[in-house]
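Just so it is clear, none of the values below were taken in a lab; they were calculated from the coordinates. Because the structure is a prediction, the values reported are computed rather than measured. When we count neighbours, we look across all protein chains shown, and the Cβ atoms used for this are built from the backbone with ideal geometry, even at glycine.
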Amino acid sequence: MNIKIISSEYPKYEVGSVVVSGENLSIDDVVRVARQGAGVLMTKDKIVLDQVTKSHHFIMKAVEEKKSIYGVTTAFGGMANVAVPIEDAEALQNNIPWPHKTGAGKKLSVSDIRASMMLRANSLMKGVSGVRLEIIERLIDFLNKGLTPDVYELGSIGASGDLVPLSYIAGAIIGLDSSFTVTVRGKTMDCISALQSVGLPRMRLFPKEGLALINGTSVMAGIASNCIYDARLLLSLALGAHALFFQGLGASDQSFHQFIEKQKPHPGQILVSSQMRRLLKGSRLIRKEFNGRNPHDKNELEQDRYSLRCLPQFIGPVADGLSIITRQLETEINSATDNPLIDIENDAYYYCGNFLGQYVSIGMDQLRYYMGLMAKHLDVQIAMVVAPEFNNGLPQSLVGNPAKKVNLGLKGLQLTCNSIMPLICFFGNSLADRFPTHAEQFNQNINSQGFGSANLARQSLDMFCQYMAAALMFGVQAADLRTHMVFGHFDARRSLSPASIMLYESILKVTGKSPSEKHPYIFNDNEQSLDQLMFKISEDVGADGIIPQSVRDTISAFTDHQS
């Protein structure tokens, strides 16, 4: 699920731009730059700018005084015992991208790399890394001019940050060599030609600058920022799908009564319950039982099955979990994550491990686990809605036209869901605990695997996007069929809750369908290709397309909760 950048052109920005200042950057800010074409501005705060300059002067002075500083006058990692002559201090930095140009696999998406450049600029703006302002300006120039270094999905163990992926960014932005390539408006070109095309000169790195550029968690955190944004969207859509299932099944609204949540006041549970009340308000299909059970048929259960009745209790922890991940990630993206760090106030520098991406790794491990829970829950709702034993009178497999005996309805679509859901659950396995202890001469003998965990999260979300498209199709079909059972026509807009109508209409619009009193969403099997409908919905979700206001309201609620 890679949300497409709205524009491939990058004019000069002022209003609506995101300011890089080393702090207060949000997930939404990152996504605006990474995917939506927002411009980037360097802060004009003199204190912040002076701090950056002073940290650079500290390093230059230390070199002049022939001080021994890791990564400045020594080699790196397990070779830190190798002294580097002062006259080679610059060469050391300009060499560093070469031995780390070892990426493998497919290219990362443009949006993930843009997020990474944004975060590297923000981290360096903390003023403790020893780089010139010109280095930060170059990262911002690349963002604003639409130049995206090509970076690969394999190579980082997330210990000393993302050394390999960030080396590709470092080599490209300075125009180190034509073997470092850049994507410009969908086309690949060598970095030197790309710089020339926008009138930017090649650069040489000064002492510490190469290390500062490649030593940090910016790539894994950039991917993770896009992932948490997508997870928030998919959680909101999942609740929208559940609302359709509730109405399609003729379920009760009793499980969301405020009295219940007061007796178990977890924030996530309360939030999910309140959102479901909003999503179901005004429905003519739901059983309104806020004051106890209405008279019911002797064959009906006294209460709904667990996947319906326990929805706030099951999804609430997911909402709370995403909130924790968001807070930790926003701390990460506003942090200095390289080594050593310079303390200008006390004329000191400190060796540290801020580059270790453990918060990102564990957060993305947890995110994938939560996606598995959400998929499993939706899978149960789908199983109920297609089975006549459990769907309260709907046709089996939601066949739209039972009079035509060859129709099988959504039977095959359920099989597709059954094939995707286990994979999403499998991707919920942890990676952070599976690190090699011998990495880089036993120097990086603990490592986060944060880059790998974030990339797995991206794959999990891509699959969930496909799964969500299918789930929404089941929800729409069930709503149409329930409407026909209750009111004698198939136009669910006249029976669904107002919030669900917006989602319902969005799905029909993106798939080229029209509401009808005479036919449900899927009538005869041979009148459409189900896979094409599913592709259209998933692509629309993946492009942050026609998302109705009812879903956006839920996203806003989860955003506020996560803040």
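Glu153's amide H: which non-local residues (gap 5+, or another chain) put their own amide H closer than 5 Å, with H modeled 1.01 Å from N in plane and none for Pro or chain starts?
Ala104, Lys106, Leu108
Could you sort out which of Lys262/Lys288; Lys288/Lys411; Lys405/Lys518 sit more than 27 Å apart by Cα distance in this structure?
Beyond 27 Å between Cα atoms: Lys288/Lys411.
With a sphere of radius 13 Å drawn around the Cβ of Glu87, what net charge do the other residues whose Cβ falls strictly inside it have (Lys, Arg +1; Asp, Glu -1)?
Result for the local shell: -2.
How far is it, in nm, from the label point at Leu408 to the one at Lys264 when both lie 7 Å from their Cα along the line to the Cβ?
For the pair Leu408/Lys264, the computed spacing is 3.9 nm.
So if I take the centroid of the Cα atoms in the range 491-537 and the same for the range 376-426, what is the distance between those two points in Å?
16
Using only helices, what value at 222 nm comes out for the chain when you add -39,500 (n - 2.57) per DSSP H run of length 4 or more and divide by the total residues, to the nearest 500 deg cm²/dmol?
For the chain, the value works out to -17000 deg cm²/dmol.
In nm, to one decimal, how far is the Trp98 label point from the His257 one, both placed 7 Å along Cα→Cβ?
In this crude spin-label approximation the distance works out to 7.4 nm.
Under 18 Å from a point placed 7 Å out from the Cα of Leu423 along the Cα-to-Cβ direction: which residues of the range 524-541 have their backbone N that close?
530-541
Run through the range 52-95 and list the trypsin sites (Lys or Arg not before Pro) located in a DSSP loop whose Cβ has at most 16 other Cβ atoms within 10 Å.
Here the sparse-neighbourhood loop sites are Lys66, Lys67.
Give me the dipole magnitude in Debye, nearest 20, for the chain about the Cα centre, with unit charges on the beta carbon: positive for Lys and Arg, negative for Asp and Glu.
1460
What dipole magnitude, in Debye to the nearest 20, does the range 121-164 give about its Cα centre under +1 on Lys/Arg Cβ and -1 on Asp/Glu Cβ?
Here the range 121-164 has a charge dipole of around 180 debye.
Could you state the per residue volume, in Å³, of the convex hull enclosing the Cα atoms of the chain?
Once divided by residue count, the hull of the chain is 156 Å³.
Roughly how tilted is helix 267-280, in degrees to the nearest 10 and between 0 and 90, from the longest Cα axis of the chain?
The helix 267-280 is inclined about 50 degrees to the chain.
Per 5 Å bin from zero, what fraction in whole % of the C-alpha pairs of the range 116-243 is there, up to the bin with the longest pair?
2, 11, 19, 21, 18, 12, 6, 4, 3, 2, 1, 0
State which entries of Lys101/Lys145; Lys46/Lys101; Lys46/Lys107 exceed 29 angstrom in Cα-Cα distance in the structure shown.
Beyond 29 Å between Cα atoms: Lys46/Lys101; Lys46/Lys107.
Between Ala336 and residues 5 or more places away or on another chain, which pairs have amide H atoms under 5 Å apart, with H built 1.01 Å from N, and which residues are they?
Result for Ala336 returns nothing.
Any chance you could give the angle, 0 to 90 degrees and rounded to 10, that helix 498-510 forms with the longest Cα principal axis of the chain?
Result, in degrees: 70.
To the nearest Å, what is the center-to-center distance of the range 83-133 and the range 149-212, using C-alpha atoms only?
Measuring centre to centre over Cα atoms gives 8 Å.
Full-extension gain between Met60 and Ile446, please, as 0.36 nm times their residue separation minus the C-alpha to C-alpha distance.
135.8 nm
Residue-wise, which Karplus ³J(HN,Hα) couplings in Hz belong to the range 151-156, taking 6.51 cos²θ - 1.76 cosθ + 1.60, θ = phi - 60°, and x for glycine or proline?
Once θ is set to phi - 60°, the couplings for the range 151-156 become 10, 10, 7, 10, x, 9 Hz.
With a sphere of radius 12 Å drawn around the Cβ of Leu496, what net charge do the other residues whose Cβ falls strictly inside it have (Lys, Arg +1; Asp, Glu -1)?
Result for the neighbourhood of Leu496: +2.
Treating cross-link reach as a plain straight distance, find the aspartates and glutamates whose alpha-carbon is under 19 Å from the alpha-carbon of Lys513, omitting any fewer than eight places away in the same chain.
Asp480, Asp491, Glu505, Asp525, Glu527, Asp531, Glu539, Asp540
Below 13 angstrom from the Cβ of Gln449, what's the summed charge of the other residues (Lys, Arg +1; Asp, Glu -1)?
For residues surrounding Gln449, the net value is -1.
When only Cα pairs under 8 Å and 6 or more residues apart are kept, what is the percent relative contact order across the range 18-216?
26
Under the Kirkwood approximation applied to all pairs of distinct alpha-carbon atoms, what is the hydrodynamic radius of the range 224-340 in Å?
For the range 224-340, inverting the mean 1/r across all distinct Cα pairs yields 16.0 Å.
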